[in-house]
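J.: Submitted below is the structure of interest, expressed as C-alpha cells.
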Amino acid sequence: QVQLVESGGGLVQAGGSLRLSCAASGSSASINAMGWYRQAPGKERGWVASIIRSDNKMYADSVKGRFTISRDNAKNTVDLQMTGLKLEDTAVYYCAAGWPPLYWGQGTQVTVSS
C-alpha cells in the first residue's frame, strides 16, 4: 500500500506561480512512476506530468514549458512547480503512484484568478 498526501494548493493570480508537493509513505520505494493529474469542474480527470525514477519526465502539451515535475527519493516527495499559471489551470490536482496509477492522493485545489 502507498499513501499519498498533497499540499501547496491555493489561490493565485494568472501569471503567478505555485508549488505542489506530494508526500508518499508505505511501499512507495517500489513505485518507479509518480505523476500529477488534475480535474477541473465538469471535466474528467486528466494527466498533467509524470516522472519515472528521477530523470525521465513527461508533460502534457498544455503545461509543457510552464510546469516542472521533480522527485526527491530520500524524502519520498514529488513536487510540481507551476509557473505562468492560466485560468484554465484551475482544478483539483492529484498525486498518483504507478503507471497507470495505482494509488491516489486526496487532491489539492488550485484556483487561478484573473
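J.: So, in region 1-13, of the ones that are in contact with a Gly (Cβ under 9 Å, 6 or more places away or on another chain) and in a loop (DSSP other than H, G, I, E, B), which residue ends up modelled with the lowest pLDDT? Walk me through how you get there before you give the answer.
T.: To start, the set of residues in region 1-13 that are in contact with a Gly (Cβ under 9 Å, 6 or more places away or on another chain) comprises 1-6, 9.
Now narrow it down to the ones that are in a loop (DSSP other than H, G, I, E, B): 1, 9.
Values: Gln1: 85, Gly9: 94.
Checked region 1-13; the qualifying residue modelled with the lowest pLDDT is Gln1.
J.: Sticking with this one: Look through region 57-67, keep the residues that are in contact (Cβ under 8 Å) with a residue 12 or more places away in the chain and either touching a Ser or Thr at 6+ places or on another chain (Cβ under 8 Å) or of a type in the set (D, E, K, R) (or both), and return whichever of them is most open to solvent (accessible area, probe 1.4 Å).
T.: Checked region 57-67; the qualifying residue most open to solvent (accessible area, probe 1.4 Å) is Lys57.
J.: Just the residues that are open to solvent by 30 Å² or more (accessible area, probe 1.4 Å) and not in a strand (DSSP E or B), please, taken from region 33-56.
T.: Pro41, Gly42, Lys43, Glu44, Arg45, Arg53, Ser54, Asp55
J.: Considering each residue of region 95-114, count those that are within 16 Å of Gly35 (Cβ to Cβ) and open to solvent by 80 Å² or more (accessible area, probe 1.4 Å), and give that number.
T.: Total satisfying the criteria: 5.
J.: Quick one: in region 72-94, of everything that is among the charged types (D, E, K, R), more than 15 Å from Gly35 (Cβ to Cβ) and modelled with pLDDT of 95 or more, which residue is least open to solvent (accessible area, probe 1.4 Å)? Talk me through it step by step, then tell me what you get.
T.: Here is the first cut: in region 72-94, the ones among the charged types (D, E, K, R) are 72, 75, 79, 86, 88-89.
When the remaining residues are screened for being more than 15 Å from Gly35 (Cβ to Cβ), the result is 72, 75, 86, 88-89.
Applying the additional criterion that residues be modelled with pLDDT of 95 or more yields 86, 88-89.
Details: Lys86: 87, Glu88: 125, Asp89: 1 Å².
This residue is Asp89.
The values are calculated or read from the model by the stated rules, or taken from the named source; none is laboratory data. From a predicted model like this one, the values you see are computed outputs, not experimental measurements. Cβ: placed from backbone, ideal geometry, glycine included. Neighbour counts: every protein chain shown. Remember, those area values only see protein heavy atoms, side chains included, never the ligands or the DNA or RNA. Shrake-Rupley method; radii C 1.70, N 1.55, O 1.52, S 1.80 Å.
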